[in-house]
Every structure is written in C-alpha cells, then in structure tokens.
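The values are calculated or read from the model by the stated rules, or taken from the named source; none is laboratory data. Bear in mind the structure is a predicted one, so any value in this text is a computation, not a measurement. Neighbour counts run over all protein chains shown; Cβ positions are idealised from the backbone, glycine included.
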Amino acid sequence: MQGHPTLSRRRFLGASAAFLLGPRLNGQANAAPAEPVIDIHQHTHYHGRSDEDLIKHQQAMGVTLTVLLPAGSTVDRPSTLNGRANGLEAQCHGNESVVKLAKSHPGEFLFFTNEVPDLPEARAELEKYFKLGARGIGEQKFGVECDSFYIEQVAEVAQEHGVPVLLHFWEGDYNRGFARFHKILEKFPKVNFIGHAQTWWGNIDKNHDQKIAYPKGRVTPGGITDRLLSDYPNMFGDCSAGSGLNALTRDADFTPDFLKRHQDKLVFGSDCEDTVGSGDKCQGAQILAAIRRFAPGRKIEGKILHDNAKKLLKL
C-alpha cells in the first residue's frame, strides 16, 4: 500500500489533471456558475485552514451549497489507528465546529454528524446532532471492517433518521473488506451509502490492484465499484479528493460512459484543503472541470453537480 497523501501529493495530482482538462479550467473561478453546485464533501480546519478561507474557497469554486463533514472524537484506540486518524487524519474539527459554521451562514452550509463508530457513546453523540439539524453521517473514516457490527450500528441510526452515510474506503486502514460491503447494502436497503476515497475509486477497474492508491492507465469496466453502483439502488459515489480526480481523468475514453451509466448515482465533492479555489492548486476546481468536460450533456452534468445531492439530502 502506498503512503498517505500529503499536500504536495495532492497538488501533484491536481497539476497532472490540469494538463488533461485544458482550457475548460481557465478563468473558471471568476465566472458566474452556469448552474447550482452542491459540494457534498468539505471540512472545517482542514490542515489548519480558517473558516474565513473555507468560505472564500467555496465561493471561488462557484459552489452554492456546501456540506460540512466533521471528525469524530479525539481518542487513542485501534479504530483511530492509535490516534493517527483523529481529525480524519487531516486536523479537521468535529461536530461543534460544523454546527457553528453552518448556523452562522444559513443557506450556504449544511452539516453531517460523525463519531468513532466503536465508542460506546457513538449512538448518543450522533443523535445529539440530529436534533440540531444534521443531514447525514460522515465522513466515516475509521479502522473497522466495512461490514462490522459498528458499521451496522451507524446504518441503524441513519435508517431511523432517513439520512445517508458517507464512508472513506481505503483497504488496510479504513472500512476494510470492501469486497464484502454488498452485505451492508443488502441488510440496509433503505439507507443510502456514499462511497469515497482510494479503494472506492480504484475499483471502477475490474483489474484493480488493491495495493495501489492512485492507479493510472486504461480502465476495464466491471470493477466492484462499478457493480455496486449498478446493482444497488442505495449505493452512491462521491467524486471528491485526489482519488476522485484521478479516476475521472485517468482514462478519457472510459469516463464519459461511466458518468452516463451512473448519472443518477454520482455527486460532486471537493474534499479540498487549499485556500485558493481555482487553478491547478485546487483539486475541487479541477474535479468540477473534469465533470463538465466528460459529462455527456448538460443534463447529466446537472445531475452530478446538483440534482443527485439534492435528492440525497432531501432538499
């Protein structure tokens, strides 16, 4: 397994994608958005970024509504990789932080709630923030098996409240055993799950090597992710982060058909830590450009950038 991504690595991935995206990217930050954009994946205090810089970043991207995903409690236990995964491994802040920002900027931000799933008080913590208006659970980025009792508990809470769950899949570290996740989808057919991160996006390829975080080259359709999106009405995909950008840009012949095939199941997210909001230093801006370039038509583009998230969040 490759090492965890660093800031420089994210910027490298972004710069590589910018070459593929071409002129569609230029001047995007200063242009009025062609359509509403819902960003389903952002964090407060991402590697120390201030709330003010986050607000400016989202405005520069042309995002009209942002979903804030909090970290869980700061604890030292195997499920947080002995503390390494506290703050979602990116110094992100928790439930109180996202509530504060969302309440101070109504109409611009919504929030999910989150907790380390194997803590005895996890259910009570999630319930507390549903009472304050949480719209989902996540980002679940913890060292447990993806079909474990703990994920079932999270799914039960989501089912009771009728909200989605966003999970970070990275084989070996987070929500392990991805090939078994269909069991959760089958056990909780009324819960919408949103997949994200390296293992999720690597497995668009039928021949994916699970040890490679950012695969390159041509994609063979029929991977686990492709099948889950096709076979399960309650499985959705979050296009965010370097992993999403890499998946969208690695094979220009594959991507349009993939977006068309799963046009009702994909949502835009940035998961972007920079303060710029445009150009090759901002992977969120490049993900937007990739979707706009590869989506076969404005209708499909609109579904991915706005409509699908609106339905998931019941807006």
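Restricting to segment 260-277, what's the tally of residues that are crowded, with 21+ Cβ neighbours inside 10 Å and either assigned to a loop (DSSP other than H, G, I, E, B) or modelled with pLDDT under 95 (or both)?
Of the residues in segment 260-277, 10 are crowded, with 21+ Cβ neighbours inside 10 Å and either assigned to a loop (DSSP other than H, G, I, E, B) or modelled with pLDDT under 95 (or both).
When segment 231-243 is examined, which residues are found to be over 30 Å from ASP274 (Cα atoms) and under 19 Å from the mean Cα position of the chain (by Cα)?
Within segment 231-243, TYR232, PRO233, ASN234 qualify.
Please verify whether ALA197 is surrounded by fewer than 20 Cβ atoms within 10 Å (Cβ to Cβ), in contact (Cβ under 8 Å) with a residue 40 or more places away in the chain and closer than 21 Å to PHE258 by Cα, treating the condition exactly as stated. Talk me through it step by step, then tell me what you get.
Working: surrounded by fewer than 20 Cβ atoms within 10 Å (Cβ to Cβ): no; in contact (Cβ under 8 Å) with a residue 40 or more places away in the chain: yes; closer than 21 Å to PHE258 by Cα: yes.
Criteria not met by ALA197.
For segment 111-138, which residues satisfy the criterion of being touching a helix residue (DSSP H, G or I) at 6+ places or on another chain (Cβ under 6 Å) and either among the β-branched types (Val, Ile, Thr) or part of a strand (DSSP E or B) (or both)?
PHE111, THR113, VAL116, ILE137
Could you list, ordered by first residue, the pairs with Cβ atoms under 8 Å in which the first is in segment 108-122 and more than 10 Å from GLY72 (Cα to Cα) and at pLDDT 95 or above and the second is among the acidic types (Asp, Glu) and part of a strand (DSSP E or B), at least 6 apart or interchain?
As it stands, the answer is PHE112/GLU139, since those pairs meet every condition given.
Just give me the residues in segment 22-61 being assigned to a helix (DSSP H, G or I), of a type outside the set (S, T, N, Q) and at pLDDT 50 or above, in sequence order.
Of the residues in segment 22-61, the ones assigned to a helix (DSSP H, G or I) are 22-25, 28-30, 46-48, 51-61.
Subset that is of a type outside the set (S, T, N, Q): 22-25, 29, 46-48, 51-57, 60-61.
TYR46, HIS47, GLY48, ASP51, GLU52, ASP53, LEU54, ILE55, LYS56, HIS57, ALA60, MET61, listed by residue number.
Among the residues of segment 142-151, is there at least one that is within 20 Å of the chain's Cα centre (by Cα), assigned to a helix (DSSP H, G or I) and over 21 Å from SER243 (Cα atoms)? Break it down stepwise before answering.
So the first thing to find is which residues in segment 142-151 are within 20 Å of the chain's Cα centre (by Cα), and the list is 142-147, 151.
If we keep only those that are assigned to a helix (DSSP H, G or I) too, we end up with 151.
This time we only want the ones that are over 21 Å from SER243 (Cα atoms), so: 151.
Checking segment 142-151: at least one residue is within 20 Å of the chain's Cα centre (by Cα), assigned to a helix (DSSP H, G or I) and over 21 Å from SER243 (Cα atoms).
Yes or no: GLY244 under 19 Å from ILE38 (Cβ atoms), among the small types (Gly, Ala, Ser), assigned to a helix (DSSP H, G or I) and in contact with a strand residue (DSSP E or B) (Cβ under 8 Å, 6 or more places away or on another chain)?
Considered against the rule, which asks whether it is under 19 Å from ILE38 (Cβ atoms), among the small types (Gly, Ala, Ser), assigned to a helix (DSSP H, G or I) and in contact with a strand residue (DSSP E or B) (Cβ under 8 Å, 6 or more places away or on another chain), GLY244 comes out as yes.
Going by what's in this entry, would SER230 be described as over 28 Å from GLU89 (Cα atoms), of a type in the set (Ser, Thr, Tyr) and in a helix (DSSP H, G or I)? Lay out the reasoning, then the answer.
On the way: over 28 Å from GLU89 (Cα atoms): yes; of a type in the set (Ser, Thr, Tyr): yes; in a helix (DSSP H, G or I): yes.
When the stated conditions are applied, SER230 passes them.
Failed condition for ASP51, given (1) under 30 Å from LYS310 (Cβ atoms); (2) under 18 Å from the mean Cα position of the chain (by Cα), with all others met?
(2)
Given (1) at pLDDT below 95; (2) outside any helix (DSSP H, G or I), identify the lone condition not met by ASP280.
With respect to (1) at pLDDT below 95; (2) outside any helix (DSSP H, G or I), ASP280 is out only on (2).
Working only within segment 247-268, note down all residues that are farther than 16 Å from TYR214 by Cα and in contact with a Cys (Cβ under 9 Å, 6 or more places away or on another chain).
Those that are farther than 16 Å from TYR214 by Cα and in contact with a Cys (Cβ under 9 Å, 6 or more places away or on another chain): LEU266, VAL267, PHE268.
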